[in-house]
Amino acid sequence: MENDEILQNMLLELRRGVLSLAVLSQLSEEQYGYSLLKALSEQGMEIDQSTLYPLLRRLESQGLLQSDWRIVDEARPRRYYVISPQGKAVLAKLKKEWSTMAETMSEMLS
Amino acid sequence: MNLIDRYIAEVGRHLPEKNRTDIEAEIRSMVEDMLEERGGHDEKVIVETLEELGDPKSLAAKYAPPKRYLIGPGWYEVYLQTLQRVLYIVLPIFAAVTFILTLAKEPLDFVDALGNAFGGAFEVGLQIFFWITVVFILLERSDEVPGEAIERHPQKWTVAQLPEFAGKRQISVGEAMTDIIMDLFVLLWVVMPVVQSWLQGDLDNVLFINPELWNVWLPVFLVLMVLNLIHDVFKLKIGKWTPALTATNVILCLGSIIYIVALVTTQQVINPEFLRTLDPEQIARLRDVSTWSVWSVNITAAIIVGILIWDMVNSIRMARKLNEQPELVVANKNVS
(Lines give C-alpha, C1' and ligand atoms only; values in the text may rest on other atoms or scores of the structure.)
Protein backbone atom coordinates (compact mmCIF):
# COMPACT_ATOMS: atom_id res chain seq x y z
CA MET A 1 0.00 0.00 0.00
CA GLU A 2 2.77 2.40 0.97
CA ASN A 3 4.73 1.60 -2.19
CA ASP A 4 1.68 2.09 -4.33
CA GLU A 5 1.26 5.59 -2.98
CA ILE A 6 4.89 6.46 -3.59
CA LEU A 7 4.63 5.17 -7.16
CA GLN A 8 1.48 7.24 -7.75
CA ASN A 9 3.27 10.33 -6.55
CA MET A 10 6.28 9.76 -8.80
CA LEU A 11 4.09 9.10 -11.84
CA LEU A 12 2.21 12.30 -11.12
CA GLU A 13 5.44 14.28 -11.02
CA LEU A 14 6.79 12.60 -14.11
CA ARG A 15 3.66 13.36 -16.10
CA ARG A 16 3.38 16.93 -14.96
CA GLY A 17 6.25 18.25 -17.06
CA VAL A 18 5.52 16.01 -20.02
CA LEU A 19 1.91 17.13 -20.22
CA SER A 20 2.85 20.79 -20.67
CA LEU A 21 5.09 19.84 -23.53
CA ALA A 22 2.43 17.63 -25.11
CA VAL A 23 -0.19 20.37 -24.87
CA LEU A 24 2.08 23.06 -26.32
CA SER A 25 3.00 20.77 -29.22
CA GLN A 26 -0.67 20.22 -30.18
CA LEU A 27 -1.75 23.83 -30.19
CA SER A 28 -0.14 25.20 -33.31
CA GLU A 29 -3.74 25.29 -34.53
CA GLU A 30 -6.43 26.47 -32.19
CA GLN A 31 -8.48 23.93 -30.29
CA TYR A 32 -10.99 23.99 -27.46
CA GLY A 33 -10.36 21.93 -24.40
CA TYR A 34 -12.38 18.88 -25.27
CA SER A 35 -11.11 18.59 -28.86
CA LEU A 36 -7.56 18.87 -27.57
CA LEU A 37 -8.28 16.12 -25.05
CA LYS A 38 -9.48 13.87 -27.88
CA ALA A 39 -6.48 14.72 -30.06
CA LEU A 40 -4.09 13.89 -27.23
CA SER A 41 -5.85 10.64 -26.40
CA GLU A 42 -5.88 9.54 -30.06
CA GLN A 43 -2.11 9.82 -29.99
CA GLY A 44 -1.91 7.78 -26.84
CA MET A 45 -1.60 10.53 -24.26
CA GLU A 46 -4.48 10.09 -21.81
CA ILE A 47 -5.27 13.05 -19.61
CA ASP A 48 -8.15 13.92 -17.26
CA GLN A 49 -10.41 16.86 -18.00
CA SER A 50 -9.82 18.05 -14.51
CA THR A 51 -6.09 18.17 -15.19
CA LEU A 52 -6.12 19.50 -18.75
CA TYR A 53 -8.35 22.54 -18.22
CA PRO A 54 -6.45 24.01 -15.29
CA LEU A 55 -3.20 23.27 -17.16
CA LEU A 56 -4.41 25.24 -20.20
CA ARG A 57 -5.24 28.14 -17.97
CA ARG A 58 -1.89 28.06 -16.26
CA LEU A 59 -0.02 27.99 -19.57
CA GLU A 60 -2.11 30.94 -20.70
CA SER A 61 -1.36 32.93 -17.58
CA GLN A 62 2.32 32.28 -18.21
CA GLY A 63 1.90 33.81 -21.67
CA LEU A 64 2.57 30.59 -23.58
CA LEU A 65 -1.01 30.29 -24.89
CA GLN A 66 -3.66 32.71 -26.06
CA SER A 67 -7.39 32.10 -25.75
CA ASP A 68 -10.72 33.39 -26.89
CA TRP A 69 -14.37 32.57 -26.29
CA ARG A 70 -15.79 31.86 -29.73
CA ILE A 71 -18.76 30.33 -31.50
CA VAL A 72 -17.83 28.01 -34.36
CA ASP A 73 -20.40 26.29 -36.61
CA GLU A 74 -23.33 27.62 -34.59
CA ALA A 75 -22.30 25.49 -31.62
CA ARG A 76 -22.18 26.67 -28.02
CA PRO A 77 -19.50 29.27 -27.28
CA ARG A 78 -16.25 27.56 -26.38
CA ARG A 79 -12.89 28.75 -25.29
CA TYR A 80 -10.31 28.22 -28.03
CA TYR A 81 -6.64 28.03 -27.18
CA VAL A 82 -3.66 28.55 -29.50
CA ILE A 83 0.08 28.79 -28.90
CA SER A 84 1.51 32.33 -28.57
CA PRO A 85 4.76 33.59 -30.14
CA GLN A 86 6.38 33.31 -26.74
CA GLY A 87 5.01 29.77 -26.45
CA LYS A 88 6.52 28.85 -29.80
CA ALA A 89 9.94 30.01 -28.65
CA VAL A 90 9.64 28.04 -25.42
CA LEU A 91 8.35 24.97 -27.26
CA ALA A 92 11.36 24.94 -29.64
CA LYS A 93 13.76 24.93 -26.70
CA LEU A 94 11.76 22.35 -24.80
CA LYS A 95 11.70 20.03 -27.80
CA LYS A 96 15.46 20.13 -28.06
CA GLU A 97 15.85 19.51 -24.35
CA TRP A 98 13.38 16.66 -24.55
CA SER A 99 15.20 14.76 -27.33
CA THR A 100 18.52 15.03 -25.54
CA MET A 101 16.95 13.86 -22.32
CA ALA A 102 15.05 11.02 -23.99
CA GLU A 103 18.23 9.79 -25.68
CA THR A 104 20.22 9.92 -22.47
CA MET A 105 17.53 8.17 -20.50
CA SER A 106 16.90 5.36 -22.98
CA GLU A 107 20.64 4.63 -23.04
CA MET A 108 20.81 4.78 -19.29
CA LEU A 109 17.84 2.47 -18.79
CA SER A 110 18.70 -0.09 -21.47
CA MET B 1 -29.48 20.77 -15.15
CA ASN B 2 -29.88 21.58 -11.52
CA LEU B 3 -27.14 19.15 -10.54
CA ILE B 4 -24.67 20.79 -12.93
CA ASP B 5 -25.50 24.24 -11.59
CA ARG B 6 -24.95 23.05 -8.05
CA TYR B 7 -21.66 21.42 -9.01
CA ILE B 8 -20.37 24.54 -10.72
CA ALA B 9 -21.51 26.79 -7.90
CA GLU B 10 -19.65 24.59 -5.44
CA VAL B 11 -16.46 24.77 -7.50
CA GLY B 12 -16.90 28.52 -7.79
CA ARG B 13 -17.31 28.91 -4.05
CA HIS B 14 -13.72 27.73 -3.62
CA LEU B 15 -12.21 29.92 -6.32
CA PRO B 16 -10.82 33.42 -5.85
CA GLU B 17 -13.46 35.95 -6.89
CA LYS B 18 -11.19 37.53 -9.52
CA ASN B 19 -11.57 34.83 -12.18
CA ARG B 20 -14.48 32.89 -10.73
CA THR B 21 -17.03 33.69 -13.46
CA ASP B 22 -14.57 32.87 -16.21
CA ILE B 23 -13.53 29.52 -14.78
CA GLU B 24 -17.16 28.65 -14.04
CA ALA B 25 -18.05 29.32 -17.70
CA GLU B 26 -15.18 27.14 -18.81
CA ILE B 27 -16.16 24.27 -16.56
CA ARG B 28 -19.75 24.49 -17.79
CA SER B 29 -18.53 24.32 -21.38
CA MET B 30 -16.34 21.34 -20.49
CA VAL B 31 -19.25 19.50 -18.84
CA GLU B 32 -21.50 20.19 -21.83
CA ASP B 33 -18.86 18.81 -24.19
CA MET B 34 -18.56 15.68 -22.10
CA LEU B 35 -22.33 15.20 -21.94
CA GLU B 36 -22.68 15.71 -25.67
CA GLU B 37 -20.28 12.91 -26.33
CA ARG B 38 -21.91 10.60 -23.86
CA GLY B 39 -25.27 11.10 -25.44
CA GLY B 40 -27.37 13.53 -23.56
CA HIS B 41 -28.66 15.02 -20.36
CA ASP B 42 -29.97 11.93 -18.61
CA GLU B 43 -29.69 12.17 -14.86
CA LYS B 44 -27.53 9.05 -14.93
CA VAL B 45 -25.07 10.44 -17.48
CA ILE B 46 -24.82 13.73 -15.59
CA VAL B 47 -24.10 11.96 -12.33
CA GLU B 48 -21.43 9.80 -13.99
CA THR B 49 -19.78 12.78 -15.62
CA LEU B 50 -19.70 14.89 -12.49
CA GLU B 51 -18.38 12.03 -10.38
CA GLU B 52 -15.64 11.51 -12.93
CA LEU B 53 -14.68 15.16 -12.51
CA GLY B 54 -14.59 14.51 -8.82
CA ASP B 55 -14.77 16.61 -5.70
CA PRO B 56 -15.49 20.27 -6.60
CA LYS B 57 -13.07 21.36 -3.93
CA SER B 58 -10.15 19.52 -5.46
CA LEU B 59 -11.11 20.66 -8.96
CA ALA B 60 -11.05 24.24 -7.71
CA ALA B 61 -7.72 23.50 -6.04
CA LYS B 62 -6.27 22.56 -9.42
CA TYR B 63 -7.20 25.96 -10.81
CA ALA B 64 -6.06 27.91 -7.81
CA PRO B 65 -3.82 25.94 -5.46
CA PRO B 66 -5.24 26.32 -1.97
CA LYS B 67 -3.47 28.69 0.33
CA ARG B 68 -3.86 28.95 4.02
CA TYR B 69 -6.23 31.80 4.73
CA LEU B 70 -7.42 33.32 7.93
CA ILE B 71 -10.72 33.66 6.09
CA GLY B 72 -10.59 32.17 2.59
CA PRO B 73 -12.60 32.91 -0.56
CA GLY B 74 -15.19 30.32 0.44
CA TRP B 75 -16.22 32.40 3.42
CA TYR B 76 -14.91 35.89 2.72
CA GLU B 77 -18.01 37.29 1.00
CA VAL B 78 -20.36 35.87 3.60
CA TYR B 79 -18.06 37.28 6.29
CA LEU B 80 -18.17 40.78 4.79
CA GLN B 81 -21.94 40.62 4.32
CA THR B 82 -22.51 39.46 7.88
CA LEU B 83 -20.15 42.02 9.38
CA GLN B 84 -21.70 44.84 7.39
CA ARG B 85 -25.24 43.87 8.29
CA VAL B 86 -24.60 43.47 11.99
CA LEU B 87 -22.76 46.80 12.15
CA TYR B 88 -25.45 48.61 10.13
CA ILE B 89 -28.16 47.33 12.42
CA VAL B 90 -26.50 47.56 15.82
CA LEU B 91 -24.43 50.74 15.62
CA PRO B 92 -27.15 53.25 14.61
CA ILE B 93 -29.57 51.86 17.17
CA PHE B 94 -26.94 51.84 19.88
CA ALA B 95 -25.81 55.37 19.06
CA ALA B 96 -29.39 56.70 18.91
CA VAL B 97 -30.39 55.15 22.24
CA THR B 98 -27.22 56.40 23.95
CA PHE B 99 -27.75 59.86 22.51
CA ILE B 100 -31.34 60.14 23.71
CA LEU B 101 -30.53 58.75 27.16
CA THR B 102 -27.62 61.14 27.70
CA LEU B 103 -29.83 64.04 26.66
CA ALA B 104 -32.18 63.11 29.47
CA LYS B 105 -29.55 64.20 31.93
CA GLU B 106 -29.35 67.65 33.53
CA PRO B 107 -27.97 70.00 32.26
CA LEU B 108 -28.88 69.45 28.65
CA ASP B 109 -25.56 68.84 26.88
CA PHE B 110 -25.51 68.04 23.16
CA VAL B 111 -21.73 67.70 22.91
CA ASP B 112 -21.67 65.24 25.76
CA ALA B 113 -24.51 63.24 24.20
CA LEU B 114 -22.80 63.13 20.80
CA GLY B 115 -19.51 62.11 22.39
CA ASN B 116 -21.17 59.31 24.33
CA ALA B 117 -23.05 58.09 21.26
CA PHE B 118 -19.97 57.96 19.01
CA GLY B 119 -17.55 56.72 21.66
CA GLY B 120 -19.92 53.95 22.72
CA ALA B 121 -20.69 52.98 19.13
CA PHE B 122 -16.98 52.76 18.37
CA GLU B 123 -16.35 50.41 21.29
CA VAL B 124 -19.34 48.23 20.46
CA GLY B 125 -18.20 48.21 16.81
CA LEU B 126 -14.77 46.90 17.81
CA GLN B 127 -16.34 44.16 19.91
CA ILE B 128 -18.63 43.09 17.08
CA PHE B 129 -15.77 43.14 14.59
CA PHE B 130 -13.63 40.99 16.84
CA TRP B 131 -16.23 38.35 17.67
CA ILE B 132 -17.60 37.95 14.16
CA THR B 133 -14.07 37.61 12.83
CA VAL B 134 -13.36 34.91 15.39
CA VAL B 135 -16.52 33.01 14.36
CA PHE B 136 -15.50 33.05 10.69
CA ILE B 137 -11.91 32.05 11.38
CA LEU B 138 -13.34 28.99 13.16
CA LEU B 139 -15.65 28.28 10.21
CA GLU B 140 -12.67 28.49 7.84
CA ARG B 141 -10.74 26.06 10.00
CA SER B 142 -13.63 23.61 9.93
CA ASP B 143 -13.36 23.35 6.11
CA GLU B 144 -10.83 20.71 5.15
CA VAL B 145 -8.20 21.78 2.67
CA PRO B 146 -8.21 19.43 -0.32
CA GLY B 147 -4.86 17.74 -0.23
CA GLU B 148 -3.12 15.31 -2.55
CA ALA B 149 -5.07 12.42 -1.07
CA ILE B 150 -8.34 13.68 -2.55
CA GLU B 151 -6.56 14.33 -5.84
CA ARG B 152 -5.57 10.68 -6.14
CA HIS B 153 -8.89 9.17 -5.13
CA PRO B 154 -11.48 11.22 -6.98
CA GLN B 155 -13.81 8.21 -7.23
CA LYS B 156 -14.62 8.48 -3.57
CA TRP B 157 -16.59 11.64 -4.16
CA THR B 158 -20.27 11.28 -5.12
CA VAL B 159 -22.83 13.86 -6.19
CA ALA B 160 -24.77 13.12 -3.03
CA GLN B 161 -22.15 15.24 -1.28
CA LEU B 162 -23.08 18.37 -3.25
CA PRO B 163 -24.63 20.99 -1.01
CA GLU B 164 -28.07 22.36 -1.93
CA PHE B 165 -27.93 24.94 -4.68
CA ALA B 166 -27.06 28.33 -3.23
CA GLY B 167 -27.46 30.55 -6.28
CA LYS B 168 -31.18 31.33 -6.23
CA ARG B 169 -31.54 32.08 -2.54
CA GLN B 170 -33.99 34.69 -1.36
CA ILE B 171 -32.34 35.01 2.01
CA SER B 172 -28.61 35.37 1.55
CA VAL B 173 -26.23 33.36 3.71
CA GLY B 174 -24.92 36.63 5.13
CA GLU B 175 -28.41 37.76 6.14
CA ALA B 176 -29.26 34.50 7.89
CA MET B 177 -25.85 34.40 9.61
CA THR B 178 -26.43 37.96 10.80
CA ASP B 179 -29.68 36.93 12.44
CA ILE B 180 -28.08 33.92 14.09
CA ILE B 181 -25.23 36.02 15.44
CA MET B 182 -27.65 38.67 16.73
CA ASP B 183 -29.67 35.98 18.51
CA LEU B 184 -26.52 34.69 20.15
CA PHE B 185 -25.47 38.20 21.20
CA VAL B 186 -28.82 38.95 22.80
CA LEU B 187 -28.88 35.58 24.54
CA LEU B 188 -25.37 36.04 25.93
CA TRP B 189 -26.03 39.62 26.95
CA VAL B 190 -29.07 38.63 29.02
CA VAL B 191 -27.92 35.25 30.27
CA MET B 192 -24.29 35.97 31.18
CA PRO B 193 -24.91 38.31 34.16
CA VAL B 194 -27.59 36.01 35.55
CA VAL B 195 -25.39 32.95 35.19
CA GLN B 196 -22.50 34.85 36.70
CA SER B 197 -24.41 35.81 39.81
CA TRP B 198 -25.72 32.26 40.16
CA LEU B 199 -22.19 30.93 39.95
CA GLN B 200 -20.97 33.45 42.48
CA GLY B 201 -23.70 32.15 44.76
CA ASP B 202 -25.30 35.39 45.79
CA LEU B 203 -26.33 38.85 44.77
CA ASP B 204 -23.12 40.62 45.65
CA ASN B 205 -23.35 42.34 42.30
CA VAL B 206 -26.67 43.98 41.67
CA LEU B 207 -28.15 43.01 38.34
CA PHE B 208 -29.42 45.43 35.74
CA ILE B 209 -32.50 43.32 35.12
CA ASN B 210 -35.08 43.10 37.88
CA PRO B 211 -34.72 39.77 39.76
CA GLU B 212 -38.53 39.61 40.08
CA LEU B 213 -38.59 38.73 36.38
CA TRP B 214 -36.41 35.66 36.79
CA ASN B 215 -39.07 33.14 37.66
CA VAL B 216 -41.50 33.58 34.78
CA TRP B 217 -40.51 36.33 32.40
CA LEU B 218 -36.88 35.40 31.92
CA PRO B 219 -37.50 31.69 31.15
CA VAL B 220 -40.20 32.71 28.65
CA PHE B 221 -37.70 35.09 27.09
CA LEU B 222 -35.10 32.33 26.83
CA VAL B 223 -37.61 30.00 25.20
CA LEU B 224 -38.53 32.72 22.70
CA MET B 225 -34.88 33.39 21.89
CA VAL B 226 -34.03 29.70 21.45
CA LEU B 227 -37.05 29.27 19.16
CA ASN B 228 -35.84 32.29 17.21
CA LEU B 229 -32.38 30.80 16.97
CA ILE B 230 -33.73 27.49 15.63
CA HIS B 231 -35.91 29.38 13.18
CA ASP B 232 -32.90 31.35 11.93
CA VAL B 233 -30.86 28.17 11.46
CA PHE B 234 -33.68 26.87 9.26
CA LYS B 235 -33.65 30.20 7.43
CA LEU B 236 -29.98 29.60 6.69
CA LYS B 237 -30.65 26.06 5.48
CA ILE B 238 -33.77 26.70 3.40
CA GLY B 239 -32.84 30.13 2.07
CA LYS B 240 -36.34 30.92 0.82
CA TRP B 241 -39.54 32.23 2.37
CA THR B 242 -41.47 29.00 2.01
CA PRO B 243 -45.02 28.98 3.50
CA ALA B 244 -43.87 27.01 6.55
CA LEU B 245 -40.90 29.28 7.23
CA THR B 246 -43.01 32.42 6.75
CA ALA B 247 -45.74 31.13 9.04
CA THR B 248 -43.24 30.36 11.81
CA ASN B 249 -41.69 33.76 11.33
CA VAL B 250 -45.04 35.55 11.68
CA ILE B 251 -45.93 33.52 14.76
CA LEU B 252 -42.56 34.17 16.38
CA CYS B 253 -42.68 37.90 15.60
CA LEU B 254 -46.25 38.23 16.95
CA GLY B 255 -45.30 36.24 20.04
CA SER B 256 -42.28 38.45 20.65
CA ILE B 257 -44.31 41.65 20.17
CA ILE B 258 -46.97 40.51 22.61
CA TYR B 259 -44.26 39.50 25.07
CA ILE B 260 -42.46 42.82 24.84
CA VAL B 261 -45.59 44.97 25.09
CA ALA B 262 -46.85 42.94 28.06
CA LEU B 263 -43.47 43.09 29.74
CA VAL B 264 -43.02 46.82 29.34
CA THR B 265 -46.56 47.77 30.36
CA THR B 266 -46.89 45.48 33.39
CA GLN B 267 -43.40 44.99 34.79
CA GLN B 268 -40.50 47.05 36.01
CA VAL B 269 -37.67 45.82 33.82
CA ILE B 270 -34.71 47.62 35.37
CA ASN B 271 -33.82 46.54 38.85
CA PRO B 272 -34.71 49.37 41.31
CA GLU B 273 -31.71 48.25 43.37
CA PHE B 274 -29.53 48.80 40.34
CA LEU B 275 -30.72 52.40 40.04
CA ARG B 276 -29.80 52.98 43.68
CA THR B 277 -26.26 51.75 43.04
CA LEU B 278 -25.71 54.47 40.46
CA ASP B 279 -23.31 57.23 41.37
CA PRO B 280 -25.30 59.77 43.49
CA GLU B 281 -23.85 62.60 41.47
CA GLN B 282 -25.09 60.99 38.29
CA ILE B 283 -28.49 60.48 39.81
CA ALA B 284 -28.61 64.11 40.79
CA ARG B 285 -28.00 64.99 37.17
CA LEU B 286 -30.93 62.91 36.02
CA ARG B 287 -34.12 64.87 36.29
CA ASP B 288 -36.00 61.91 37.61
CA VAL B 289 -34.47 58.47 37.91
CA SER B 290 -37.62 56.44 37.59
CA THR B 291 -38.85 58.41 34.60
CA TRP B 292 -35.42 58.01 33.01
CA SER B 293 -35.37 54.26 33.50
CA VAL B 294 -38.92 53.82 32.20
CA TRP B 295 -38.05 55.92 29.17
CA SER B 296 -34.94 54.01 28.26
CA VAL B 297 -36.83 50.72 28.44
CA ASN B 298 -39.72 52.10 26.41
CA ILE B 299 -37.51 53.48 23.66
CA THR B 300 -35.59 50.23 23.34
CA ALA B 301 -38.83 48.24 23.32
CA ALA B 302 -40.36 50.52 20.66
CA ILE B 303 -37.34 50.08 18.39
CA ILE B 304 -37.39 46.29 18.77
CA VAL B 305 -41.14 46.14 18.12
CA GLY B 306 -40.58 48.28 15.02
CA ILE B 307 -37.93 45.90 13.70
CA LEU B 308 -40.15 42.90 14.43
CA ILE B 309 -43.08 44.40 12.53
CA TRP B 310 -40.83 45.20 9.58
CA ASP B 311 -39.38 41.70 9.64
CA MET B 312 -42.85 40.16 9.68
CA VAL B 313 -44.17 42.31 6.82
CA ASN B 314 -41.01 41.74 4.81
CA SER B 315 -41.21 37.95 5.14
CA ILE B 316 -44.84 37.94 3.99
CA ARG B 317 -43.96 40.15 1.03
CA MET B 318 -41.05 37.92 0.03
CA ALA B 319 -43.19 34.79 0.42
CA ARG B 320 -45.73 36.28 -1.97
CA LYS B 321 -42.97 37.09 -4.47
CA LEU B 322 -41.72 33.52 -4.28
CA ASN B 323 -45.26 32.33 -4.94
CA GLU B 324 -45.62 34.47 -8.06
CA GLN B 325 -42.35 33.58 -9.71
CA PRO B 326 -41.47 29.91 -9.49
CA GLU B 327 -42.22 29.14 -13.15
CA LEU B 328 -40.19 32.09 -14.33
CA VAL B 329 -37.14 30.88 -12.45
CA VAL B 330 -37.43 27.38 -13.87
CA ALA B 331 -37.94 28.74 -17.40
CA ASN B 332 -34.79 30.85 -17.15
CA LYS B 333 -32.79 27.85 -16.04
CA ASN B 334 -33.85 25.75 -18.99
CA VAL B 335 -32.75 28.37 -21.48
CA SER B 336 -29.22 28.70 -20.11
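The values are calculated or read from the model by the stated rules, or taken from the named source; none is laboratory data. All values derive from a computational prediction rather than experimental measurement. Heads up, the Cβs are rebuilt from the backbone with ideal geometry, glycines too, and the neighbour counts pull from every protein chain shown. These area figures cover heavy atoms from the full protein model, side chains too; ligands, DNA and RNA do not enter into them. Shrake-Rupley method; radii C 1.70, N 1.55, O 1.52, S 1.80 Å.
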Inset, instruction - Among what's in segment B:138-155 and is touching a helix residue (DSSP H, G or I) at 6+ places or on another chain (Cβ under 9 Å) and either over 30 Å from A:Ser50 (Cβ atoms) or modelled with pLDDT of 75 or more (or both), pick the residue that is surrounded by the most Cβ atoms within 10 Å (Cβ to Cβ). - result: B:Glu140
Inset, instruction - May I ask you to list the residues in segment A:31-51 that are more than 9 Å from chain B (Cβ to nearest Cβ), touching a residue at least 24 places away in the same chain (Cβ under 8 Å) and surrounded by 19 or more Cβ atoms within 10 Å (Cβ to Cβ)? - result: A:Gln31, A:Leu36
Legend entry - Residue within segment B:73-95 that is away from every other protein chain (no Cβ under 14 Å), touching a residue at least 40 places away in the same chain (Cβ under 8 Å) and farther than 25 Å from B:Val186 by Cα present: yes
Inset, instruction - Only one of these is surrounded by 13 or more Cβ atoms within 10 Å (Cβ to Cβ), touching a Leu at 6+ places or on another chain (Cβ under 6 Å) and not polar (S, T, N, Q): B:Ala121, B:Ala117. Name it. - result: B:Ala121
Legend entry - Selection within segment B:159-206 - surrounded by 12 or more Cβ atoms within 10 Å (Cβ to Cβ), modelled with pLDDT of 70 or more and not in a helix (DSSP H, G or I): B:Leu162, B:Arg169, B:Gln170, B:Ile171, B:Ser172
Inset, instruction - Would you point out the residue of segment B:36-72, among those that are of a type outside the set (A, V, I, L, M, F, W, C) and open to solvent by less than 30 Å² (accessible area, probe 1.4 Å), that is nearest to the other protein chains (Cβ to nearest Cβ)? - result: B:Gly54
Legend entry - Residue satisfying condition, being at pLDDT below 90, under 21 Å from B:Ile181 (Cα atoms) and either touching a Gly at 6+ places or on another chain (Cβ under 9 Å) or of a type in the set (S, T, N, Q) (or both), within set B:Thr300, B:Thr291, B:Thr248: B:Thr300
Inset, instruction - Return yes when A:Ser41 is modelled with pLDDT of 90 or more and of a type in the set (Ser, Thr, Tyr) and no when it is not. - result: yes
Legend entry - Residue, nearest to the other protein chains (Cβ to nearest Cβ), within segment A:52-65, restricted to residues that are within 22 Å of B:Gly12 (Cβ to Cβ) and in contact with a Gly (Cβ under 7 Å, 6 or more places away or on another chain): A:Tyr53
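I need the full set of residues from segment A:66-87 which are within 20 Å of B:Glu24 (Cβ to Cβ) and either open to solvent by less than 80 Å² (accessible area, probe 1.4 Å) or within 9 Å of chain B (Cβ to nearest Cβ) (or both), in order please.
A:Ser67, A:Asp68, A:Trp69, A:Ala75, A:Arg76, A:Pro77, A:Arg78, A:Arg79, A:Tyr80, A:Tyr81
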Inset, instruction - Starting from segment A:59-88, take each residue that is of a type in the set (Gly, Ala, Ser) and list its partners that are surrounded by 19 or more Cβ atoms within 10 Å (Cβ to Cβ) and in a strand (DSSP E or B), counting only C-beta distances under 8 angstrom and pairs at least six apart or across chains. - result: A:Ser67/A:Arg79; A:Ser67/A:Tyr80; A:Ser67/A:Tyr81; A:Ser84/A:Leu65; A:Gly87/A:Leu65
Inset, instruction - List the number of the failed condition for A:Ala22; all other conditions in (1) open to solvent by less than 40 Å² (accessible area, probe 1.4 Å); (2) facing chain B (nearest Cβ under 9 Å) hold. - result: (2)
Inset, instruction - Restricting attention to helices (runs of 4 or more DSSP H) lying wholly within segment B:6-86, give those where 2 or more residues are closer than 27 Å to B:Glu175 by Cβ and not hydrophobic (A, V, I, L, M, F, W, C). - result: B:20-38, B:56-63
Legend entry - Subset of segment B:25-35 that is at the interface with chain A (Cβ under 8 Å from one of its Cβ atoms) and without any contact (Cβ under 8 Å) to a residue 24 or more places away in the chain - its residue that is nearest to the chain's Cα centre (by Cα): B:Ala25
